[in-house]
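Asks: Dropping the structure in here first, questions after.
The values are calculated or read from the model by the stated rules, or taken from the named source; none is laboratory data. What you see is a predicted model; the values in this text were computed from it and never measured. As a convention, Cβ positions derive from the backbone with ideal geometry for all residues, glycine included, and neighbour counts pool all protein chains shown.
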């Protein structure tokens, strides 16, 4: 269980950065946005979202401020910082390279070796 | 930072924290409510939607905890929470808390108390600038012991050595100050001019001694201690230059030492005056200047090492200079002994102090083991709680931290209580301390002791908490929630059994050590001192005033005083002696024997100048010949002497010593003395030292009239009660004469074994505590085990096991623990016995009686500790037991 969480953590951070890069969001909004972009194919542990948000904020990649939600409630909104933008870019490139690499390896057929 | 801004910053932090907490609450609640609203919009009932939202969110507490951690700087908060939680936990188990804190308080308190005594004596440097440079220089005595030096030896070294900035010699001075009521005798020192410069502490008022003060027939000058200056002279700064009368002589006060000055060589000294020996008589060996009776100290040059100084002095010793001729007893054939001052003043007490320190550390370890065991037992009982917390999302590290916080909290409480114990302990320690203990005035619960206490408290908090914390956190919730699981319980029991074995082993080490010391003390007191100690009162009488410089006047005073004392009702006999057994005196002269192959050979013997009647008063038995009578006090051409039994046996084997001639004290060419009697051996130095060669002469026949003599009085009733009457009798002859150090002989006997008794009392106390803790440990483990095995015992009983076999089962388990502990402890005890060998007397470190006794005692205590749980196991009702759980 722990291993799964670890794997999720790295990716979750990236997904959150991506989600807020499209515009400021509150925590629940981040969840909805990720589910929306992933077309509900990703299941996110709701409880694990907030520690990730706090960690990203602590690292200075996202910033937060209190605002009003669609239904006039007090909510905390997160937005991407300049550092977060660079981070997201670096992470995306790394991820793509890695994904290509892994995909390439997995696609390898016996006769190619 | 001012208090106000500190307070503001603290308040700000507190406010920020609570705001963050409430914001976090708001944020998470918003999330769940927003989700629930979406669900409601999708057609789910509101109640159900809230439930589902909460469930899908997962553990809110865990999320919050992780958020706090993610934000960092969470340690303080969680510490506060852990502390609060721990405190409420302790309040819920007051019995457990009390026992734990008490055990730790005893362990920490005892250790801190011993540390407070050992630290200033053995570890702290002495209170002098560059104290490590101060050396003590001694001649080689018998068996490489340290012996004092002669004045001319000091002069030679001062002249020829280059390793020292200053050298100084000193000897005891006991001047008398007469006031309106009674004469008062003070402790002081004769010192060479460089004494205070060697120690590195100058007077704070007036001036230090100069070489011009310390010359033969020099001026009478004196430096006072701060305490004496305050007590007798009202802290009057105008004291400098004033005359005071000491021993009927007028002295000019030239200085006052600072209150911080600690005089480790003679702690009781309150006055100092120059030695004023004669440097001009070096070629005459029959002078006090050639007597080995001075203590020599030296301050090393900056950069000079102790080895350098040793080498240099050895070279000087092996290379006599024509300017410094040496008599045979100052030939320095073996060179000199050079040791640091610290080493010198702690020499006698070091083994005892280290042994006591070792013992108290063992007690501390046992206390910790016991508390670890208690925490483990409590851990078993709290399994459900831990399981619940794990299920609620507490991580393993979090649980360990919580448990360590709790054990640290317990240790802190134990530490605070321990410091109170240490205060009491230090007071008891100082009260019990033997006279040989140096630097007693600096023993106290001070900064270093608090630091030490804090250190061991923290260490203990971590150590005792670690095993239980790791064990408890290993609990897997599903197993722990099933109460009957034996797996984790079995693990606990093994750990706890191992700990009990350790306790028993350590207790055995302490018990054997204190048993050996106890038997040593018994052996020591079984040693016959050579005289009849009961109903014997002793005191020192000193002549005061210039008129007693005349020998005849001096002798007449003592004779009249003796007469007056003998007339007191209740006194059955009385006499004077120049030195008293077990009083600390060590007055030794050389004896030559006419029958020896080389009459030049000089053998050391104690010199007793006694009044006729001394042997009868002391109860020293006559073996051959006769005792002294009044005739022997007259001026006779041949001086009659008595010698002791072992000296007679050694020097005159198979012969009659009566009528043989010896030469004792004085010039080498003086007439021979004749032996008229042989008396029994007497212990002079201590009961443990068998050196007892002695030569007795009548005081009147000695080379000079001793100005200070011991009065020994045999009484019919209580010895101590007669002291005032005796003083009055002496003062009826001359009321200006000091009478000091009144003590019963039994008191002196006890004091001579004070250091051993001191060590023994501490060891006994520690061993007793260890025994109790070990017993409690065995009891705790067995009752826990019986409680856990109730079901198994029930099954056994149901299957036909007898009550006796159940009893045997439990007792066997307990005795196995004891047996393993004893086996391990035996090795430790043998090592400990070697370590304290220096303090043993008449008993081998492997004394079988002690070992056997201790094993029986431990077996007895553990049998009792097993007995109660065993009885409980025997009474288990199978029906109830099987329904249990």
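Asks: Please state which of the following conditions residue B:184 fails to meet, knowing it meets all the rest: (1) touching a strand residue (DSSP E or B) at 6+ places or on another chain (Cβ under 6 Å); (2) in a loop (DSSP other than H, G, I, E, B).
Replies: Unmet condition: (2).
Asks: Next up: Determine if the range B:554-561 includes at least one residue that is in contact with a helix residue (DSSP H, G or I) (Cβ under 9 Å, 6 or more places away or on another chain), closer than 30 Å to residue B:837 by Cβ and at pLDDT below 95.
Replies: No: the range B:554-561 contains no residue that is in contact with a helix residue (DSSP H, G or I) (Cβ under 9 Å, 6 or more places away or on another chain), closer than 30 Å to residue B:837 by Cβ and at pLDDT below 95.
Asks: Which residues, counting only those in the range B:447-465, are under 27 Å from residue B:126 (Cα atoms) and surrounded by fewer than 14 Cβ atoms within 10 Å (Cβ to Cβ)?
Replies: Hits for the range B:447-465 are B:447, B:451, B:455.
Asks: OK, next. Can you name the residue in the range B:594-618 that is part of a strand (DSSP E or B) and buried (at least 20 other Cβ atoms within 10 Å of the Cβ) and, of all such residues, is nearest to the chain's Cα centre (by Cα)?
Replies: Restricting to residues being part of a strand (DSSP E or B) and buried (at least 20 other Cβ atoms within 10 Å of the Cβ), the top hit is B:606.
Asks: Mind checking which residues of the range B:562-580 are in contact (Cβ under 8 Å) with a residue 60 or more places away in the chain, touching a strand residue (DSSP E or B) at 6+ places or on another chain (Cβ under 9 Å) and within 16 Å of residue B:613 (Cβ to Cβ)?
Replies: B:562, B:565, B:568, B:571, B:572, B:573, B:574, B:575, B:576, B:577, B:578, B:580 - these are the residues of the range B:562-580 that are in contact (Cβ under 8 Å) with a residue 60 or more places away in the chain, touching a strand residue (DSSP E or B) at 6+ places or on another chain (Cβ under 9 Å) and within 16 Å of residue B:613 (Cβ to Cβ).
Asks: Let me ask something else. Exactly one condition in (1) surrounded by fewer than 19 Cβ atoms within 10 Å (Cβ to Cβ); (2) modelled with pLDDT of 90 or more is not met by residue B:803; state its number.
Replies: Here residue B:803 meets the rest and fails (2).
Asks: Give the residues of the range B:655-695 that are part of a strand (DSSP E or B) and under 37 Å from the mean Cα position of the chain (by Cα), sorted by residue number.
Replies: Selection gives B:694, B:695.
Asks: If I ask for residues that are more than 41 Å from the chain's Cα centre (by Cα) and buried (at least 19 other Cβ atoms within 10 Å of the Cβ), which ones from the range B:275-292 would you list?
Replies: Result: B:282, B:285.
Asks: Also, I was wondering about something else. Could you check the range A:37-69 and list, in sequence order, the residues that are loosely packed, with under 15 Cβ neighbours inside 10 Å, more than 9 Å from chain B (Cβ to nearest Cβ) and in contact with a helix residue (DSSP H, G or I) (Cβ under 9 Å, 6 or more places away or on another chain)?
Replies: The answer is A:37, A:38, A:41, A:42, A:43, A:60.
Asks: Sticking with this one: If residue B:236 satisfies every condition in (1) over 28 Å from residue B:291 (Cα atoms); (2) under 32 Å from the mean Cα position of the chain (by Cα) but one, which is the exception?
Replies: (2)
Asks: Quickly run through the range B:317-328 and pick out the residues that are out of contact with any helix residue (DSSP H, G or I) (no Cβ under 7 Å at 6 or more places or on another chain) and buried (at least 16 other Cβ atoms within 10 Å of the Cβ).
Replies: B:317, B:326
Asks: Can I ask one more? Looking at residue B:843 and the list (1) assigned to a helix (DSSP H, G or I); (2) in contact with a helix residue (DSSP H, G or I) (Cβ under 6 Å, 6 or more places away or on another chain), which single condition is not satisfied?
Replies: For residue B:843, the exception is condition (1).
Asks: Any chance the range B:553-561 includes a residue that's free of Cβ contacts under 8 Å to residues at least 24 places away in the same chain and under 24 Å from residue B:173 (Cα atoms)?
Replies: The answer is yes; a qualifying residue exists.
Asks: May I pose another question? Out of B:116, B:138, which single residue is at negative phi and outside any strand (DSSP E or B)?
Replies: B:116 is the lone residue from the list that is at negative phi and outside any strand (DSSP E or B).
Asks: On to the next question. Inside the range A:55-66, can you point out the residues that are free of Cβ contacts under 8 Å to residues at least 40 places away in the same chain and in contact with a strand residue (DSSP E or B) (Cβ under 9 Å, 6 or more places away or on another chain)?
Replies: Across the range A:55-66, the qualifying residues are A:57, A:63, A:64, A:65, A:66.
Asks: Please work out which residue is farthest from the chain's Cα centre (by Cα), limiting yourself to the range B:812-822 and to residues that are surrounded by fewer than 19 Cβ atoms within 10 Å (Cβ to Cβ) and in contact (Cβ under 8 Å) with a residue 12 or more places away in the chain.
Replies: B:815
Asks: How many residues are within 12 Å of chain B (Cβ to nearest Cβ) and either closer than 26 Å to residue B:69 by Cα or touching a residue at least 12 places away in the same chain (Cβ under 8 Å) (or both) if we restrict to the range A:70-110?
Replies: Residues in the range A:70-110 being within 12 Å of chain B (Cβ to nearest Cβ) and either closer than 26 Å to residue B:69 by Cα or touching a residue at least 12 places away in the same chain (Cβ under 8 Å) (or both): 5 in total.
Asks: Right, next: Identify, from the list B:143, B:132, the residue that is on the phi > 0 side of the Ramachandran plot and either within 14 Å of chain A (Cβ to nearest Cβ) or in a helix (DSSP H, G or I) (or both).
Replies: B:143
Asks: Quick check on my filter: what residues within the range B:34-53 are more than 8 Å from chain A (Cβ to nearest Cβ) and surrounded by 12 or more Cβ atoms within 10 Å (Cβ to Cβ)? Give the derivation first.
Replies: Going residue by residue through the range B:34-53, those that are more than 8 Å from chain A (Cβ to nearest Cβ) are B:36, B:38-53.
Selection gives B:36, B:38, B:39, B:40, B:44, B:48, B:49, B:50, B:51, B:52, B:53.
Asks: Suppose we keep only residues that are crowded, with 16+ Cβ neighbours inside 10 Å and over 17 Å from residue B:372 (Cβ atoms) within the range B:466-487. Which one would you say is modelled with the highest pLDDT?
Replies: Per the criteria, the residue is B:475.
Asks: Name the residue, out of B:339, B:373, that is touching a strand residue (DSSP E or B) at 6+ places or on another chain (Cβ under 7 Å) and touching a residue at least 24 places away in the same chain (Cβ under 8 Å).
Replies: Only one candidate qualifies: B:339.
Asks: If I ask for residues that are touching a helix residue (DSSP H, G or I) at 6+ places or on another chain (Cβ under 7 Å) and modelled with pLDDT of 80 or more, which ones from the range B:11-29 would you list?
Replies: B:24, B:27, B:28
Asks: Kindly evaluate residue B:334 against the criterion of being more than 27 Å from residue B:788 (Cβ to Cβ) and not in a helix (DSSP H, G or I).
Replies: Numbers: more than 27 Å from residue B:788 (Cβ to Cβ): yes; not in a helix (DSSP H, G or I): yes.
Spelling it out, residue B:334 is indeed more than 27 Å from residue B:788 (Cβ to Cβ) and not in a helix (DSSP H, G or I).
Asks: Within the range B:639-654, work out how many residues are surrounded by 12 or more Cβ atoms within 10 Å (Cβ to Cβ) and part of a loop (DSSP other than H, G, I, E, B). Talk me through it step by step, then tell me what you get.
Replies: As a first pass, look at the range B:639-654 and keep what is surrounded by 12 or more Cβ atoms within 10 Å (Cβ to Cβ): B:639-649, B:651-652.
Narrowing the set further to residues that are part of a loop (DSSP other than H, G, I, E, B) leaves B:639, B:652.
Count: 2.
Asks: Then there is this: Output the residues belonging to the range B:24-33 that are within 7 Å of chain A (Cβ to nearest Cβ) and over 16 Å from residue A:30 (Cα atoms).
Replies: Within the range B:24-33, just B:26 meets the criteria.
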